[in-house]
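S.K.: Here it is, the structure, as structure tokens.
Read-outs throughout are calculated quantities, based only on the coordinates presented, and are distinct from any laboratory measurement. All values reported here derive from a predicted model rather than from experimental measurement. Glycine also receives a Cβ, built like all others from the backbone with ideal geometry; neighbour counts cover every protein chain displayed.
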């Protein structure tokens, strides 16, 4: 069977372009952005409250269940959004496959590590009361 | 199994020197630069919360870094980045959702306004946090 004769245009194009999961990535980045539109102003309020309260006051602020929830939610949305955003930057500028893959994996690890660090810190403060 | 080689021959995104200066182009690249800066800034905020969980000494050390002059400069730049990315992010959502604000005149005007809002917002945030 001769190659090409029975190849549909879709089959010929598949795998050659960047048509992989771009649409899902685009939508996820924006859904996280919508969440951050609400969470970031609240998180800025949290930072203002914590920075002026001193050590005990800051811990008391974070230990409030609603505040602890806000901080963990924000860390989750930020982690997701920053990972997706940095992924685009890496894919745009790093051409070499090895370096690109390494950075993409490090990006995922760093974003998850940030979330876990914040979540653990908030939980520790919450439990200790 | 030609995946890796093919990936390497794909075109890259145009770099800065490709673009002729315009305020919309500047706002676009600023959105990316502030996004990347916030990526790293987030780890500083996370470290601050982790210090609060560890001990009074760790928290005092972090507070000492933040309230030093270099710390305050970084904090102010972080605040500008947050505000710019937030306001320009709203514009991105308006572009993608209702699909308005694309005309050259509106896009240019809004770009300039966002720069002012970012700086004003950052100054307000620093005052509110008692960092000035």
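S.K.: Out of A:108, A:69, A:23, any idea which swings most in a Gaussian network model of chain A, alpha carbons joined below 10 Å?
M.R.: Result for chain A, Cα springs under 10 Å: A:23 fluctuates most.
S.K.: Still on this structure: Using only atoms on other chains, find how many Cβ atoms lie within 10 Å of each Cβ of peptide A:65-71 and report the average.
M.R.: 0
S.K.: Which whole-number value in Å³ per residue fits the convex hull of the alpha carbons of the stretch A:19-128?
M.R.: In the stretch A:19-128, the Cα hull volume divided by residue count equals 111 Å³.
S.K.: Something else about it: Quick one: Cα centre-to-centre distance for the stretch A:54-71 and the stretch B:92-108, in angstrom?
M.R.: 38 Å
S.K.: What's log10 of I(q)/I(0) for chain B at q = 0.16 Å⁻¹, Debye sum over Cα points only, no solvent?
M.R.: Log10 of I(q)/I(0), two decimals: -0.92.
S.K.: Which of B:19, A:61 has the fewest other C-beta atoms within 10 Å, and how do the rest follow up to the most?
M.R.: By the 10 Å Cβ count, ascending, the order reads B:19, A:61.
S.K.: Top mean-square fluctuation among B:84, B:43, B:116, Gaussian network model of chain B, C-alpha springs under 10 Å?
M.R.: B:43
S.K.: Work out the mean other chain Cβ neighbour count within 10 Å for the residues of A:108-115 and drop it here as an integer.
M.R.: Across A:108-115, the average partner-chain Cβ count within 10 Å equals 2.
S.K.: Mind giving me the FRET efficiency for residue B:119 and residue A:56? R0 is 45 Å, r the Cβ-Cβ distance, nearest 0.05 is fine.
M.R.: 0.85
S.K.: Highest mean first, how do A:74-81, A:86-93, A:51-58 rank when packing is the count of other Cβ atoms within 10 Å averaged over residues?
M.R.: The densest-packed peptide leads the list: A:74-81, A:86-93, A:51-58.
S.K.: Within a 10 angstrom radius of each residue's Cβ in A:84-90, how many Cβ atoms of other chains show up on average? Whole number is fine.
M.R.: Other-chain Cβ atoms within 10 Å of each residue's Cβ, averaged: 3.
S.K.: Still on this structure, please answer the following. If you average the sequence gap of Cα pairs under 8 Å that are 6 or more apart and divide by the length of the stretch B:81-132, what percent do you get for the contact order?
M.R.: The normalised contact order for the stretch B:81-132 reaches 50 percent.
S.K.: Is the protein assembly as shown best put as rounded, prolate or oblate by its Cα gyration tensor, with a ≥ b ≥ c the root eigenvalues, rounded for a/c under 1.5, and otherwise prolate when a/b is larger than b/c, oblate when not?
M.R.: It is prolate, given that a/c is not under 1.5 and a/b is the larger ratio.
S.K.: Between residue A:7 and residue A:101, what length comes free when the chain is fully extended (0.36 nm per residue of separation minus the Cα-Cα distance, one decimal in nm)?
M.R.: Fully extending the segment from residue A:7 to residue A:101 adds 30.7 nm.
S.K.: Same structure, new question: Based on alpha-carbon centroids, what's the gap between the stretch B:66-89 and the stretch B:15-39 in Å, whole number please?
M.R.: Distance between centres, Cα-based: 17 Å.
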